[in-house]
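Below: the structure, in structure tokens.
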Amino acid sequence: MPHLIEGIPEMDVPSIDPLAFSSIKIDTGSTGSVSMKLELLNGTISGLRNLKIENHKMNFDNIIFSAILIIPEFQLEGTYKMNGRILFFELNGEGLVGFNATGVRVDSVWYGSTYMKKNQKHVSIDKIKFNELNIKSVRVMFDNLFDADNEVLTDTVNNAINDNIDTLKEDFLPIMKETLIELIRERFNRVYQLFPMDQLYLNN
């Protein structure tokens, strides 16, 4: 984790805090109070410096890793494109987005495979499953929700979302889930491409 937090500049592995991303696409489905197709663009996530990993278990025969990830607080900032519905508001906009979450606890399982590169075995994380995702608090802020520069209506919707966040929290979990999965896979696979399995896991 120290290498991931600080990054490895000489090997083009940037720090995970802040963590930049270019595009994350999310479809929450059509059930619940939040139903949207959302793309997060050109953003950063900060707060992962305090990430803790507990109950880390590794099955090297089948390349299945499990771990509990604990993130005290993180913030996402960037731009978005969205089409969908939150509560009874039909939304179609794009603009700035801010997202803050505290007390994040993720019970995760990582499924991987191995491949040979220069006669050395490397790991690839192919799929991540969240058995459980808990969040203590969430606050969101979208700019320009109605694609018509209607600040009053946008403020009304943002206030309604945050006033009802305890009810909506479960419906926002797919956004959190897909964002974390995509970033974990991208960052860990970048490291796995650089280092063979026997260098990363000396006692496997």
- Message: For the chain, take the longest principal axis of its alpha carbons; what is the angle in degrees between that and the long axis of helix 151-163, to the nearest 10 within 0 to 90?
- Response: 60
- Task: Would you compute, for the Cα atoms of the chain, the largest minus smallest coordinate along each principal axis and list the three values in descending order, in whole Å?
- Result: 59, 32, 27
- What is the pair-distance distribution P(r) of the range 66-171, computed from all Cα-Cα distances in 5 Å bins starting at 0, with each bin given as a whole percent? 2, 10, 16, 16, 14, 12, 10, 8, 5, 3, 2, 1, 0
- Item | Theoretical FRET efficiency, 1/(1+(r/R0)^6), r = Cβ-Cβ of Q75 and M197, R0 25 Å, to 0.05 | 0.15
- Rg [Å, one decimal], Dmax [Å, integer] - the range 85-131, C-alpha atoms: 19.4, 57
- Task: Lys and Arg at +1, Asp and Glu at -1: add these up for the other residues within a Cβ distance under 9 Å of I24 and post the number.
- Result: -2
- Message: Past the 16 angstrom mark, what percentage of all C-alpha to C-alpha distances in the range 121-204 do you count?
- Response: 67
- In Hz, Karplus ³J(HN,Hα) per residue of the range 103-118 (6.51, -1.76, 1.60; θ = phi - 60°; x = Gly, Pro): x, 8, 9, 10, 9, 10, 10, 10, 10, x, 8, 10, 8, 9, 9, 6
- Task: May I ask you to work out the translational diffusion coefficient for the range 35-100 at 25 °C, viscosity 0.890 mPa s, via Stokes-Einstein with Rh from the Kirkwood sum over Cα pairs, reported in whole µm²/s?
- Result: 167
- Query: Tilt of helix 165-194 relative to the longest C-alpha principal axis of the chain, in degrees (0 to 90, nearest 10)?
  - Reply: 30
- For K129, the lysines lying under 27 Å Cα to Cα, once residues fewer than eight places off in the same chain are dropped, come out as K25, K37, K52, K57, K81, K117, K121, K169, K177
- Task: Place the peptides 20-27, 76-83, 42-49, 56-63 in order of packing, highest mean first, counting for every residue the other Cβ atoms within 10 Å and averaging per peptide.
- Result: 76-83, 42-49, 20-27, 56-63
- Value of [θ]222 nm, deg cm²/dmol, for the chain, DSSP H segments ≥ 4, -39500 (n - 2.57) each, nearest 500: -8000 deg cm²/dmol
- What ranking, highest mean first, results for peptides 126-138, 184-196 when packing means the other Cβ atoms within 10 Å averaged over each residue? 184-196, 126-138
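Every number in this text was worked out from the coordinates using simple rules, so none of it is lab data. Keep in mind that this is a model prediction, so the values were computed, not measured. Glycine gets a Cβ as well: all are built from the backbone with ideal geometry, and neighbour counts include every protein chain shown.
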